[in-house]
Amino acid sequence: MGRMDGKVALISGGARGMGASEAAMFAAEGAAVIIGDILDAEGEETAARIRSSGGQCHYQRLDVTSEQDWLNIVASALSRFGKLNVLVNNAGIGSNSFQIHEEPVDLWDRTIDVNLKGVFLGARSVIPAMKEAGGGSIINISSQLGIVAVPYSGAAYQTAKGGVRILTKAAALQYAPDGIRVNSVHPGPIATEMTRAGRDDPERLAMMLARIPMGRYGEPEEVANAVLYLASDESAFVTGSEVVVDGGWTAQ
């Protein structure tokens, strides 16, 4: 018996990194998975790799800032698998190091659109289907920088991730009577493509490692394990919660 047997899961930003790890883990545990992303070639490749391992996985293009794309992918999940039980709002874009008075307004808007509005649109689009299914689980990927701030990361990224934290709690309270659980996961620095440039810069790498008590970057699978717990029935009494996977960053 898999921990996700009989569940249908939608993962945004599922083409690579943490999203791809989540998709592979969900499929291995018995879920039917739909991954959405704007990286079409990588998304198709990830879905094919999961299918070749015996899992159920389908890729569909999803720009998380587009309400229509969200409506399309939810409709696709319902027509393909008949229901939708889990959403992982995983898609996001990285930070920059602008000071607030120098941050371009269009960059602020883009970061908020992808990292916060995208999460809102995702939740908004799946809730009717989850109500119909008698409940569900929404997992929003925030960041350790949605809980604490640092001076060398852009304010837009930290603001968006902090917004995801509170949006999660608001949604959890609104939809608890419908059996829909909503939780956030707060990864620290994780070894993915998104963090590669920073890890390739010796000075930035040393600065980041100095902030992590465990002295290393996390692995995508270490985040996926937390997401799997929240997606499964093992967390049936967990909602409005935040799970921190940061090597000790926020304990300081």
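For the reader, a short list of remarks on this structure follows.
- Qualifying residue in segment 154-164 (condition: surrounded by fewer than 21 Cβ atoms within 10 Å (Cβ to Cβ), within 13 Å of the chain's Cα centre (by Cα) and assigned to a helix (DSSP H, G or I)): no
- Complete set of residues in segment 123-147 that are free of Cβ contacts under 8 Å to residues at least 60 places away in the same chain, among the aliphatic types (A, V, I, L, M) and in a helix (DSSP H, G or I): ALA123, ILE127, ALA129, MET130, ALA133, LEU145
- LEU230 under 22 Å from GLY19 (Cα atoms), out of contact with any helix residue (DSSP H, G or I) (no Cβ under 9 Å at 6 or more places or on another chain) and assigned to a helix (DSSP H, G or I): yes
- In the set ILE100, ILE141, ILE127, only one residue is surrounded by fewer than 23 Cβ atoms within 10 Å (Cβ to Cβ), at negative phi and within 17 Å of the chain's Cα centre (by Cα); that residue is ILE127.
- Against the numbered list (1) crowded, with 18+ Cβ neighbours inside 10 Å; (2) in contact (Cβ under 8 Å) with a residue 60 or more places away in the chain, GLU221 comes up short only at (1).
- Among the residues making up segment 11-50, those that are within 18 Å of VAL86 (Cβ to Cβ), in contact with a Leu (Cβ under 7 Å, 6 or more places away or on another chain) and surrounded by fewer than 24 Cβ atoms within 10 Å (Cβ to Cβ) are MET25, GLU29.
Read the figures in this text as sums done on the coordinates, not as results from a lab. Owing to the predicted nature of the structure, the values given are computational and were not obtained by experimental measurement. We place every Cβ from the backbone using ideal geometry, glycine too, and count neighbours over all the protein chains shown.
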